[in-house]
Structure formats: C-alpha cells, structure tokens
1. Testing the spin-label approximation: label points 7 Å from Cα along Cα→Cβ at S84 and R269. State their distance in nm.
2. Take the cross-link list K315/K395; K66/K137; K24/K59 and give me the ones stretching past 32 Å between alpha-carbons.
3. Tell me the accessible surface of I165 in square angstrom (1.4 angstrom probe, heavy atoms of protein chains only), to the nearest ten.
4. Quick check on segment 14-173: what are the equivalent-ellipsoid semi-axes from the Cα gyration tensor, as sqrt(5λ), descending, whole Å?
5. Give the carbon-plus-sulfur fraction of the accessible surface of the chain in %, rounded to a whole number; probe 1.4 Å, heavy atoms of protein chains only.
6. With all protein chains present, calculate the accessible area of S378 using a 1.4 Å probe and round the result to the nearest 10 Å².
7. Accessible area per residue of the chain at 1.4 Å probe, in Å²?
8. With label points built 7 Å along Cα→Cβ from the Cα atoms of S434 and E3, find their separation and express it in nm.
Amino acid sequence: MAESRLTFTEWLPDQPGSVGALTKAENVYPRAIGYGPFPEEVDYSQAASQNLVSVVAAKNNTGTTKIFAASPTILYLLDSADLSLDNISGATYDQAERWYFTQFGNTLIAAGSPNTLQAYDLTTNGNFAVLSSGAPKAKYVTVVRDFVVTGNQPTNSTRIQWSGINDPTTWTSSALTQSDFQDLPDGGEVRGVTGGEFGLVLCERSIYRMSYVGTPLVFQFDNISRNLGCYEGNSVVQWQGITYFLADDGFYACDGQNVVPIGAEKVNRYFYTRLLEATIQNMSAAVDPVRNLIVWGYPVLDNTYELLVYHIVTKRWSVVESSVSRIASSSTPAVSLEGLDAYSNSIDALETSLDSRIWLGGKLSLAGVSGAKIITFSGANKTATIETPDVGEGKQTMVTLVKPYVDGGSASVAVASRQTLATDPSFGNLTAASAENRVALRSVGKYHRFRVSPSGNWETAIAIDVDTQPAGMR
C-alpha cells in the first residue's frame, strides 16, 4: 500500500486537470499555504426605496464614519440607529448607470453622469447638493494630489477635468487656480480614473499616467500603454497605489509604470466563458483588506452573480458563489451593545460574530448590495469545495483511504476514478471523515481526482493523504 500527500496548490481553471493544479477552489480564498473559508453574506441595512448600485463609507476629521448608498436616481445615508436608508438627494437626478465617490477633506463628492457633481458635508446631517456652479458632469471622480479629478463627460468621453488646487469648488480654467482640462488625443473613451500621488487614466485602448508638473501645464499625460486599455469601467479598483482592471484579454495590475498581466493562463479564459456579456455593466470590483484580496463580481451565464478572488500576496485565485448584485469596499459605524438591538432582538440570533471588526466602526471591509439592501460578508463559512488535480501514472490502482488535513476542522471527501483522461470525471457521494479523521473509500481506476468539502469551524484547508494499492483488471 502506498500513501501520498496531495497539497492544495494553485487553482488554474485555464489549464487541464492533469498538470498538478487544483481543478476547483470554490467558496474559499487563497492563503500562503492552502485555502481559508469565505463568509456568507449578511443583510446590514433595511431595504431602500430602489435597488442599489453603489455603497461607500466616509469618515470626517472627528473620526465619525457614515455609510452612503446610491440607486440610479437617489442618494442615501444609512441611519445607524434603525439601519434605514434615508433619501438625502439634493435634487431630482437623471438616471446614472453607477455613482462613484471620492472624499476631499470633509466633503464627499459623488459623480453620476449625466448629473452635475454632488457634494455632502461630512460634518453635518444635511443633503447632497451641487458641488459648485461651475462643476462638471462626469462619470468618474477621484483625487490626485490636491486636485479633484473627473473623467468622461456626457459631451466629451475623452475629457479629463480637474478643480483648482486645494479647492474642489473651482472649475474655471485658470493659471492662478491651476484648474483646467485635457482632451486625450487617442485611446478612446475614459473608462476609469484612479488617484493618489499621480493619476491613472484608463481608456478604452490605452492607459495614461497623469503627473503634476505645475503651471502652465499643471498635469503631464504620458501614454504608458498603447493598444491595451480597460474593457469595462466597473472593473477598476485601486489598492495601495496599484490599479487593477479588466482588459480585452483578461485581468491586469498597473503601478503607474508597468502593466502586468495577473490572470493570463490562469483564469482569463474561465472568466470570459462564464461572463454574461450582455450585462457586463453590472460588473463590480472591491478590496477585502482583511484577507488581502481583490474581488471582482460579475453576472454569469446562468443569471447568477459570481465573485472572482485574487490574493495579492500569493497571486493566486479562487471563486465564490454569491447572492449579491454588486460588491464594494466599505466600512461600518461603531455599534454599542445597546445599538445591537437594531440588528437583532437577541445576541444569540446575530448572524455576525461579536468578534467581527464590523462592530468596531471605521474599519475597512468587503461589503456590497443585494437588491435594495447593503450587505456585509460577515456570516458563517460558506460551503466550500476543493477539487484536486488528476493523480495516477496510467497504472490501475485502487483508492482505499483518504485523510484530510484541515486546520480547526475536518472534511468530507468524494473520489472520481476513470480509465482515461478523455472520460469526464464522475464523483461519488461525499463521505464525512470519521472521529479518527479517516475517510474509507473503494474506487478503482488509472486516474483519480478528489473532491473535498471542509467542515466545522475550520480555518485552513491544507491537503489530503491518499492511500492506494495496485489493482488488476478482470
């Protein structure tokens, strides 16, 4: 009898199952060794009057965090006392595909083309209002150094326009205030703008770095990627100075100098065969800072919503089934013990553990929307599935025993055995490990693939040990 260990390595759905990579890593996220559990969605707010398309959190200079959400025509503020979403729109808005937000000091600025930029004073409890009389209408908004920067205007999709220096209310071109605009000469429409020490402008067929140089030019635009641009504006997300996005051929990361493929020969083909292209505008992207993840949500062909998960540290991927309609990077207000009454009449009935950072307030976390509600990913572990590559050297063997290595829990295991790689694998029923952490199996074939479903309050799924013995053909 021979025993071999199958470590849960990288998930590579773009590659065949015989190359040594996992064939499935579902409802988990990658870790340096193995995979961790991905949590269930939990309703955070009451339902708004319309389905939501955006969520954002903003903190004023006294440390108070407020949560905002948007439907195509309404801007909302979360009432932390009763978790209602209150309409704080400053006008009757034309329908926007999406609202984008950025914070400049104590002002939260919202861009929802074809509407004029809106502003909310984070030190008050008022409504949104037009940012200023000269403020533009734009699809995207960010902050670059001391300027508010917008991109893609209704009458000019290639225009980048910025405010006066340290003054988000000034928009008239002036050498004194340094407010101005730039129409990009090539690359097609602007599909995303990210900020920081420099700006990154993602166009349909190119990427520009936007560098501050002072008067008279104010900003210099360098084309750092010609012919490669952004395929969908709602795929753009930034974390720690790196901008992540979807291009025509898959997923990339850009640091302002280099454009690096991160999905090539790993998940790009998988993504495009799953994507429901007709509704790609419902794509969304967010950061999970707790788990070091970039997460993309997208509609799939069976009319569900799926999350593709990229672990920044290990550069590995996984996939998550989800009930959300968008994801977002957000945070939550602090909640006192008395304030828990708004979430549940019983502490024991809370779907989110009291140890969760959600109750601390002001801590960045992965959130999203489900229909008209804000949700958080803070529930129990989702039902996870990990499938190994095919193992076997073309000799007839019988699997007799599997021992799962799952830190903090155990697992159920199923096996699919076949005589040739041309035959589709067919798994039997999952069998739970015994108290001694052993799964007795009896399956004959030349190639074996294993399905593992971790259970219990598990933390890391690491590997399985497989016992096999030679088996003859009758």
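1. For S84 paired with R269, the spin-label model returns 5.4 nm.
2. Details: K315/K395 35 Å; K66/K137 25 Å; K24/K59 39 Å.
Check vs 32 Å cut-off fails for K315/K395; K24/K59.
3. 60 Å²
4. Values: eigenvalues 236, 98, 54 Å².
Equivalent-ellipsoid dimensions as semi-axes: 34, 22, 16 Å.
5. On the way: 9290 of 19920 Å².
Looking at the chain in its full context, I get 47 percent from C and S.
6. Estimated to the nearest 10 Å², S378 gives 20 Å².
7. On the way: 19920 Å² over 474 residues.
About 42 Å² of surface per residue is accessible.
8. In this crude label model, S434 to E3 measures out at 1.4 nm.
The values are calculated or read from the model by the stated rules, or taken from the named source; none is laboratory data. Everything quoted here is computed from the prediction, not taken from an experiment. All Cβ positions, glycine included, derive from the backbone under ideal geometry; neighbour counts span all protein chains shown. Note: accessible area is taken over every heavy atom of the protein model, side chains too, but ligands, DNA and RNA are not part of it. Shrake-Rupley method; radii C 1.70, N 1.55, O 1.52, S 1.80 Å.
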